[in-house]
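The values are calculated or read from the model by the stated rules, or taken from the named source; none is laboratory data. Quantities reported herein were computed from a predicted structural model and do not represent experimental measurements. FYI the Cβ positions are ideal-geometry reconstructions off the backbone, even for glycines, and counts take in every protein chain you see.
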Amino acid sequence: MALGKIKADTLEHSTAGSITTNTVVLSSVKAFVQQDSGTSLNESFNVSSLTDNSTGRYEVALTNAFSNANYSLNVSGGATSGNCSVDDDHYEAGVMCTRFYRTDTSAYMDSDHVSMYGVGNLA
């Protein structure tokens, strides 16, 4: 089976205008994960594994890494046992990491629902 390529500088819709393909390539979500507490993945894209490192600490390994650690990471979560907030994420080209803590005690806590996505250049 032969693989084909489509080369174009812009994409144009018949009534909705046009956009450069560079915008699509650079600003598309390159990896995402939606999980319940622990290591249960509900949905994911470009994810090879999920690790629960300890209470409130999650690490997502990527199938295809970003070109460097300068990508944009968005994280959200929620917990039924208290108000949950995201701590400092650290960035690695091949891993998306996050930590959650209780806003009332500052202790790390597991989040009932975690969603993460990364936007940037792939290697």
Q: Return the total of residues in segment 78-123 being within 15 Å of Thr55 (Cα to Cα), of a type in the set (Gly, Ala, Ser), modelled with pLDDT of 80 or more and not in a loop (DSSP other than H, G, I, E, B).
A: 0
Q. Can we say Ala69 is at pLDDT 85 or above, of a type in the set (A, V, I, L, M) and not in a strand (DSSP E or B)?
A. yes
Q) Does segment 1-56 hold any residues that are under 21 Å from Val119 (Cα atoms), assigned to a loop (DSSP other than H, G, I, E, B) and free of Cβ contacts under 8 Å to residues at least 24 places away in the same chain, and which are they? A) Asp9, Asn46
Q. Say we look at segment 22-43 and pick out the residues that are within 19 Å of Asn64 (Cβ to Cβ) and in contact with a Leu (Cβ under 6 Å, 6 or more places away or on another chain); which of these is surrounded by the most Cβ atoms within 10 Å (Cβ to Cβ)?
A. Ala31
Q | Criterion violated by Val60 - all others in (1) of a type in the set (Val, Ile, Thr); (2) surrounded by 14 or more Cβ atoms within 10 Å (Cβ to Cβ); (3) within 20 Å of Ala123 (Cβ to Cβ); (4) modelled with pLDDT under 85 satisfied | A | (4)
